[in-house]
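The values are calculated or read from the model by the stated rules, or taken from the named source; none is laboratory data. Since we're looking at a predicted model, the values are computed, not measured. Every residue, glycine among them, receives a Cβ derived from its backbone with ideal geometry; neighbour counts consider all protein chains shown. Keep in mind that these areas ignore ligands, DNA and RNA; they rest on the heavy atoms of the full protein, side chains included. Shrake-Rupley method; radii C 1.70, N 1.55, O 1.52, S 1.80 Å.
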Amino acid sequence: MTAKKITTNVVAVVVALLFAFPTYWMVATALKPRKDLLTGDYDLVPFSVTGSNFATAWSKPGFLNSLGNSLMVSLGAVLAAVVVGLLAALAMSRMRFRGRKGFVMLMLVAQMAPFEALLIPMFLMMRDLDLLDRLPALALIYFAVTLPFCAWTLRGFVNGIPLELEEAAMVDGCGRWGAFRRVTLPLLGPGLVATSVFAFVTAWNEFLFALSLINDQKKETLPVWLSGFQTNFGTDWGGAMAASALFTLPVLVFFLIVQRKMVTGVTAGAVKG
């Protein structure tokens, strides 16, 4: 092994550890007894382990309800964003129409807009439409936020599929829809998975809109529910870290299921944009 490869591997391991350390610290803190947290015991490896923090987080009122709300809002928004984004990506990649380049740039600019800049206009619009405290309205906002990303990303995947494959299928008797369904869509599988994962993480972790637009505790999402561990008397760090670990489980399970296709999709999308 050359010195260049050794250096590359060492740098890769260091970067991986830096990214993994916050997750490890979260789990380690969640497993520490309350007395160790109160005394400022910051050992990297907890010598005494307890599951009481997870029991506290699981039994905290509203957990399962907030979990269901987050799943419903995030999955609904991402599913709609991926479907509409795919159609927009096909139009931007396969069709030639006036203003196409401007539309592509508009998608990029919309993706760059920060969430905070959209908060007040979205709140006023939802208030005027009497859509505050409604989960479908929150899902609609998540759809609008993730749609530019989905369309822009899927456009790169569609560009990576040769148009000649669709034309060959159409020569063999398929219509445009049949060529897309039988040729293009199966090849887009890894790209759809990768795009869905990133869009789902964006919607799943969103806090600001959920806090501002939802006041009913029965309709709050998990990020808002998680903020309940911070009170006027202090922060229950053990319960908060345990709840954070539970919060990451759905995304982690989803990622483990689709990780192979996701890696394929990420590398394929980097070939041609």
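For the chain, averaging the sequence separation of C-alpha pairs within contact (under 8 Å, six or more residues apart) and dividing by the residue count gives a relative contact order of 31 percent. Candidates [x] 192; [y] 273; [z] 228; which is the computed volume of the Cα convex hull per residue in Å³? It is the one labelled [x].
Could you give the longest part of the chain that holds none of the trypsin sites (Lys or Arg not before Pro) found in DSSP loops with at most 16 neighbouring Cβ atoms within 10 Å? Free of exposed loop sites, the longest segment is 135-271. By a 1.4 Å probe calculation restricted to protein chains, Leu213 has an accessible surface near 10 Å², given to the nearest 10. Among the lysines of the chain, pairs that are 8 or more positions apart or on different chains and have alpha carbons within less than 30 Å of each other number 11. Report summary: the helix-based calculation at 222 nm, which adds -39500 (n - 2.57) for every DSSP H run with n ≥ 4 and divides by the residues of the chain, gives -24000 deg cm²/dmol. Counted as membrane-span-like here are DSSP H helices of the chain whose alpha-carbon atoms extend 27 Å or more along the helix's own axis and whose Kyte-Doolittle mean is 1.6 or above; these are 63-94. With loop membership from DSSP and a limit of 16 other Cβ atoms within 10 Å, the longest segment of the chain without chymotrypsin sites (Phe, Trp or Tyr not before Pro) is 98-206.
Each other residue within a Cβ distance under 11 Å of Val49 adds +1 if Lys or Arg and -1 if Asp or Glu, for a net charge of 0.
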